[in-house]
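For reference, the structure discussed in these notes is given below.
The values are calculated or read from the model by the stated rules, or taken from the named source; none is laboratory data. Just so it is clear, the model here is predicted, and its values are computed rather than measured. Glycine gets a Cβ as well: all are built from the backbone with ideal geometry, and neighbour counts include every protein chain shown.
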Amino acid sequence: MLYQKLKKQRRGFTLIELLVVIAIIGLLATMAVTALNNARIKTRDTRRKSDIVEIRKALYFYYDGNGHYPYINANPISTGRQCIGILDGGDCYTAAVGCSAKPTGSTSLYNSLSPKYFQKIPLDPTTNRVVNSYIYGKGNVAVGCSGASYPEGYWILWWPDKGRPISDADCQGLGVVACCGSAGPCACTGGEGYFCALKIGDRDW
């Protein structure tokens, strides 16, 4: 009788109990991965906000020392977009299918900022997506995602971690607006025409 009691006390888990334990472990693992991914997203977006502030500061210093912002294609009256921190021949788009007027790198812009204002020009912390660099734009941002119209000037364009910002709230402050225009710095056909845009100066050309 004592043997029978001990045998009952040492019985293993039933199949249902094992399945419940596995389900709980899976749920906890999913929650942990989600929390980790959210923390990484927050870290990258915080880095972007810091980078934008530093780029804006460098452009202000450049203006103060030269009386104008860096030229597009080294031409005082040219408008358009250029990748910040990328040399001639490179671009700051990957797999931007359907995007017109795709910005490319500019050695002239690079040399305008480095090494005088940056030892190393900051790049977007994520490289495996459509927009993998910050963009310097000159022109009319046209119509924003909120429906407002923005005047001509100088802009810094970027993407938050979620990509394709569709509202100003997606751009997380800094006086940044979401622009979805079909002309000016946000010119694009297709989904890649969505940007966060921070204006740094009024038109002077």
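Looking at segment 133-160, I want the residues that are over 20 Å from LEU113 (Cα atoms) and not assigned by TED's automatic domain parsing to the domain that holds ALA178 and have a partner that is among the charged types (D, E, K, R) and at pLDDT below 85 with Cβ atoms under 8 Å, at least 6 apart or on another chain. Which pairs are those?
If the second residue must be among the charged types (D, E, K, R) and at pLDDT below 85, no pairs are left.
Quick one: which residue in ARG81, ARG48 is charged (D, E, K, R), part of a helix (DSSP H, G or I), assigned by TED's automatic domain parsing to the domain that holds ASN111 and at pLDDT below 90? Spell out how you get there, then give the answer.
Numbers: ARG81 fails: part of a helix (DSSP H, G or I).
Sole residue among the options that is charged (D, E, K, R), part of a helix (DSSP H, G or I), assigned by TED's automatic domain parsing to the domain that holds ASN111 and at pLDDT below 90: ARG48.
From GLY89, GLY139, grab the single residue that is at pLDDT below 85, in a loop (DSSP other than H, G, I, E, B) and among the small types (Gly, Ala, Ser).
None of the other options fit; the residue is GLY89.
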